[in-house]
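I have placed the structure first, in the form of structure tokens, so that the comments after it can refer back to it.
Nothing in this text is a laboratory measurement; each read-out follows from the coordinates by a stated rule. Source: prediction; values computed, not measured. Backbone-built Cβ (ideal geometry, glycine too); neighbour counts: all protein chains shown.
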Amino acid sequence: MLYEFDDLNKLIDDMSRERFIKKIFGGSTDEYLRFITSIQHIENWKEAYQFMDLEFSRRNININNHRDAVCLTDIVFKKYFPLYQF
């Protein structure tokens, strides 16, 4: 079953996207797009979380204590669990 949440681009609004690019990806739109494209193809939450954890670690971002990393993680979570309510 496909949900509208299968596409991260539909989940991330313009303001959040710009904030993620600036605060997580050092201002690089290309790196942000590479990340979104890569994670878009991951089929389960566990692997997606591991992918994000590696990406954030590489950028010296604590996935649990960085407000924008938490927000992006929550959005990606919705891709895998679209009916979950925060």
Quick check: the angle from helix 29-40's long axis to the longest principal axis of the chain, C-alpha only, nearest 10 degrees? 30
What number comes out for the charge environment of ILE61, summing +1 per Lys or Arg and -1 per Asp or Glu over other residues with Cβ under 12 Å away? +1
Given the rule -39500 (n - 2.57) for each run of at least 4 DSSP H residues, summed and divided by the residues of the chain, what is its mean residue ellipticity at 222 nm, to the nearest 500 deg cm²/dmol? -19000 deg cm²/dmol
Report the net charge of residues surrounding ARG34, where surrounding means a beta-carbon distance below 15 angstrom and charges are Lys +1, Arg +1, Asp -1, Glu -1. 0
Degrees, to the nearest 10: 14-23 long Cα axis against longest axis of the chain: 40
Number of Lys pairs in the chain with C-alpha atoms less than 22 angstrom apart, excluding same-chain neighbours closer than eight positions? 9
If R0 is 22 Å, what FRET efficiency do you get for LEU54 and GLU18 from their C-beta distance, rounded to 0.05? 0.40
Shape category assigned to the chain from the gyration tensor of Cα positions, a/c cut at 1.5: prolate
